[in-house]
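So the structure is just underneath, and the comments pick up after that.
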Amino acid sequence: MTEELQAESEADGVRTIYDPIADTPTSYLREPEGAHPPLDFEGYKSTALRHPKQPLIYLPQMITEITGPQLAPVVVGESDHDLTIQHDGEPIGERITVSGRVFDTEGKPLRGTLVEVWQANAAGRYLHRWDRWPAPLDPNFSGAGRCITDDEGRYQFTTIKPGPYPWGNHYNAWRPAHIHFSLMGRAFTQRLVTQMYFPGDPFFPYDPIFNSVRDPKARERMVSSFSIHDTVPNWAAAYEWDIYLRGPGATPFEEAH
Amino acid sequence: MIFQTTPSQTVGPYFAIGLPFDVGPFVVPEGTPGAIHITGTIYDGAGVPIPDFLLETWQADPDGRFADMHGHGGVSEIPGFRGFARYGLEDGDGTFDIVTVKPGALPGLGEGQMQAPHIDVSVFARGMLHRTVTRIYFADETEANAADPVLAHVPVERRRTLLAQPTSDGYTIDFRFQGPDETVFFDV
């Protein structure tokens, strides 16, 4: 634990257990039942043939599980955090910033970790050959971004607010507007792929993917908040969303302190 | 624990917009001495290849060293060793092909316990609300596999689903989500 990080943690009023960079937890918390959606979920048809039928087998966390790739320097380019400047012209739509912090469940910020996003354009259309619904593509929007969290675990993207779009799960099925997020964390065990939603989306009650998370409080953890504070005057509205990855296991190691 | 984790959601069908990168399938740089291919196909419950999967792997090098900064036994000495592969295509056909080196044995949980050479695997796809985790072991490591503490918890008749078989330039292993040869998946 560096003095600097200690000071930062105390300033945040956050309890200090370990330094995610200097120390490696010997294990990560096992997550309670229902923390994540089930692999077999009736409302989402594609799960039917894509979930294991046999029970999962308990894997004790050993060295392969408590280490993990550090991809940030490999894949992140200088302007990858701004999805509105990747082409000659500006994309159509509501310009927004999406920012927040990546923490573990002890409230420790994860710095230097890779955050990747991809999304539909303002019309709800993805730049992907399999997306064929009749909404326009935007020649000035690809919809992918990457960044690395700073010393406070903070990430920030500038983008266009994605539109909702129909899909084939059931009659008149629509996905609420969302941005896909991929988090590497610091260990294989912390890996997370999820989706960030926007507050008050009218499609929430009808979307089986959103509702596959059964606990309403857990669902709320996927919804960003509008932030007038972070809004850039005359430029971009702001949404804020913090992300929590698994923290160290129940047997913390305090030896180093 | 003070906070709850953010729940997982499916990677969806369009991850190819944002996740693949040029050297993703390369755990080691092309031309690394001793490099091998690990290939295979991922099948759904109807026995049909899953075209829109994203596969990620994480492993040690032949000396049991990792690429990360945590420094367990020191960082790998293989130049450019990432220990990680990411494989997924906009227009996939259900198969994968990663370039890597065979990992070495690793310490297990108890004093003197060793794990057989293995690679940790995550599979993501449309229709998977959370990643599925499995491991690749090597069929020609008979002795090490017999002493492996993870395989020990896998029913004998299902262990073969985790064993990659030798090929002319490496190994091959298929992952099956359902059926009589359903792959063993783990709760990590």
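The values are calculated or read from the model by the stated rules, or taken from the named source; none is laboratory data. All figures in this text were calculated on a predicted structure; none of them were measured in a lab. Neighbour counts run over all protein chains shown; Cβ positions are idealised from the backbone, glycine included.
Within the bounds of the range B:34-43, is there any residue that is in a loop (DSSP other than H, G, I, E, B), more than 7 Å from chain A (Cβ to nearest Cβ) and over 22 Å from residue A:37 (Cβ atoms)?
Within the range B:34-43, one or more residues are in a loop (DSSP other than H, G, I, E, B), more than 7 Å from chain A (Cβ to nearest Cβ) and over 22 Å from residue A:37 (Cβ atoms).
Residues checked against (1) farther than 16 Å from residue B:137 by Cβ; (2) within 11 Å of another protein chain (Cβ to nearest Cβ):
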site	(1), (2)
B:79	yes, no
B:90	yes, yes
B:96	yes, no
B:99	yes, no
B:106	no, yes
B:111	yes, no
B:117	no, yes
Note on the range A:98-114: residues more than 11 Å from chain B (Cβ to nearest Cβ) and of a type in the set (Ser, Thr, Tyr) are A:99, A:113
Looking at the range B:24-67, which of its residues are free of Cβ contacts under 8 Å to residues at least 40 places away in the same chain and surrounded by 16 or more Cβ atoms within 10 Å (Cβ to Cβ)?
B:65, B:66, B:67
Picking from A:26, A:64, the residue that is within 8 Å of another protein chain (Cβ to nearest Cβ), more than 21 Å from the chain's Cα centre (by Cα) and of a type outside the set (A, V, I, L, M) would be A:64
Looking at the structure I just gave you, is residue A:141 over 15 Å from the mean Cα position of the chain (by Cα) and more than 26 Å from residue B:133 (Cβ to Cβ)?
yes
In the range A:90-127, anything in a loop (DSSP other than H, G, I, E, B) and touching a Ser or Thr at 6+ places or on another chain (Cβ under 8 Å) is listed as A:90, A:91, A:105, A:108, A:110, A:111, A:112, A:113, A:127
Per the list (1) at the interface with chain A (Cβ under 10 Å from one of its Cβ atoms); (2) not in a strand (DSSP E or B), residue check on residue B:86 breaks on (2)
Every residue from the range B:149-174 that is within 14 Å of another protein chain (Cβ to nearest Cβ) and within 18 Å of residue B:27 (Cβ to Cβ)
none
Listed residues A:86, A:70; which is modelled with pLDDT of 80 or more, closer than 30 Å to residue B:75 by Cβ and either within 9 Å of chain B (Cβ to nearest Cβ) or part of a loop (DSSP other than H, G, I, E, B) (or both)?
A:70
Of A:241, A:235, the only residue that is surrounded by 18 or more Cβ atoms within 10 Å (Cβ to Cβ) and either hydrophobic (A, V, I, L, M, F, W, C) or farther than 30 Å from residue B:56 by Cβ (or both) is A:241
Does residue A:53 satisfy being surrounded by fewer than 16 Cβ atoms within 10 Å (Cβ to Cβ), out of contact with any Leu (no Cβ under 6 Å at 6 or more places or on another chain), facing chain B (nearest Cβ under 7 Å) and closer than 25 Å to residue B:7 by Cβ?
yes
The number of residues in the range B:149-178 that are of a type in the set (A, V, I, L, M, F, W, C) and without any contact (Cβ under 8 Å) to a residue 60 or more places away in the chain is 7
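For the range A:183-204, how many residues meet the condition of being of a type outside the set (A, V, I, L, M, F, W, C) and in contact with a helix residue (DSSP H, G or I) (Cβ under 8 Å, 6 or more places away or on another chain)?
So the answer is 3.
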Which of the residues belonging to the range A:201-210 are under 19 Å from the mean Cα position of the chain (by Cα) and either facing another protein chain (nearest Cβ under 9 Å) or assigned to a loop (DSSP other than H, G, I, E, B) (or both)?
A:201, A:207, A:209, A:210
Looking at A:15, A:95, which is the one that is surrounded by fewer than 20 Cβ atoms within 10 Å (Cβ to Cβ), farther than 24 Å from residue B:84 by Cα, at pLDDT 95 or above and of a type outside the set (A, V, I, L, M)?
A:95
Any residue that is touching a Ser or Thr at 6+ places or on another chain (Cβ under 9 Å), assigned to a loop (DSSP other than H, G, I, E, B) and within 11 Å of chain B (Cβ to nearest Cβ) - is there at least one of those in the range A:227-238?
no
Can you find a residue in the range A:155-163 that is of a type in the set (A, V, I, L, M) and buried (at least 18 other Cβ atoms within 10 Å of the Cβ)?
yes
Filter result for residue B:11 (surrounded by 18 or more Cβ atoms within 10 Å (Cβ to Cβ), of a type in the set (Val, Ile, Thr), closer than 21 Å to residue B:95 by Cβ and under 16 Å from the mean Cα position of the chain (by Cα))
no
Just one of A:86, A:119 is crowded, with 23+ Cβ neighbours inside 10 Å and over 28 Å from residue A:28 (Cβ atoms); which is it?
A:119
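With the condition being at pLDDT 95 or above and within 12 Å of chain B (Cβ to nearest Cβ), I'd like the strands (runs of 3 or more DSSP E) fully within the range A:128-189 carrying at least 2 qualifying residues.
Fully inside the range A:128-189 and qualifying: A:144-148, A:154-160, A:165-167, A:178-183.
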Matching residues in the range B:44-77 - criterion: being β-branched (Val, Ile, Thr) and more than 9 Å from chain A (Cβ to nearest Cβ):
B:57, B:75
